[in-house]
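Written out below as structure tokens is the structure these notes cover.
Any read-out appearing in this document is the output of simple, stated calculations on the displayed coordinates, not a laboratory observation. It should be emphasised that the depicted structure is a prediction, and the values quoted were computed from it without experimental measurement. A quick note on method: Cβ atoms are made from the backbone with ideal geometry, for glycine too, and the neighbour counts reach across all protein chains shown.
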Amino acid sequence: MEELSEDECRWLLREPGIGRLAVVVAGEPHIFPVNFATSGDVVLFRTGLGLKLEQAIGHPVAFEVDGFDAAAKQRWSVVVHGRAVEITADTDPFAEDLRRVPVTPAVPGERLHWVAIYPTQLTGRRFQVSGDFAPPPPT
């Protein structure tokens, strides 16, 4: 297993996709899949009203994304720890720029609330896959 540098983690996060948001609800961990994009170090997603929004905003969260490099037969995982902030109505120019980043939710319904995760820690690892491991089918 190889620890990734913060620059490598940023590079792996650059492509929009599906990640997992981890929050704590009544002392128990909950994980939500979300479509995301990044702008610099900031992870962005859109959501509707509900538990995910209520428990993420203003609280420490973790966000994880992983992938497979078929040519190198390597798996990788990047974890972002930070604080989630709702930027839906934020008039700060930086927040306005963040809302211009294309984030397309996969689930039908209104996803009017923009959430930014400002990282406090960025970690990742890469490891070789042994044998005849086949990657999961594309999503």
(request) Would you work out if the range 21-95 is rounded, prolate or oblate? Take a ≥ b ≥ c from the square roots of the eigenvalues of the alpha-carbon gyration tensor; rounded if a/c is under 1.5, else prolate when a/b is larger than b/c, oblate otherwise. (result) oblate
(message) Under 5 Å between amide hydrogens, which residues at least 5 positions from G17 or on another chain qualify, with H placed 1.01 Å from N in the peptide plane?
(response) F36
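So if each residue of separation counts as 0.36 nm, and I subtract the Cα-Cα distance between A106 and E86, what length gain in nm does that give? Display every interim value, and only then the final one.
Values: separation 20, 0.36 × 20 = 7.20 nm, distance 1.96 nm.
Length gained between A106 and E86: 5.2 nm.
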(request) Please report the relative contact order for the range 2-128, taking Cα pairs under 8 Å with a sequence separation of at least 6, and give it as a percent rounded to a whole number. (result) 33 percent
(request) With a/c under 1.5 counting as rounded, go ahead and sort the chain into rounded, prolate or oblate using the C-alpha gyration tensor (a ≥ b ≥ c being the square roots of the eigenvalues; past the cut-off, prolate if a/b is larger than b/c, else oblate). (result) prolate
(message) Quick check: pseudo-label points 7 Å beyond the Cα along Cα→Cβ at R14 and E96, how many nm apart are they?
(response) 2.8 nm
(request) Could you go through the range 41-46 in sequence order and give the Karplus-derived ³J(HN,Hα) for each residue, using 6.51 cos²θ - 1.76 cosθ + 1.60 with θ = phi - 60°, rounded to whole Hz, and x for Gly and Pro? (result) 8, 7, 8, 10, 8, 10
(request) Determine, for W11, W114, the number of other Cβ atoms within 10 Å of each Cβ, and report the residues in order from fewest to most. (result) W11, W114
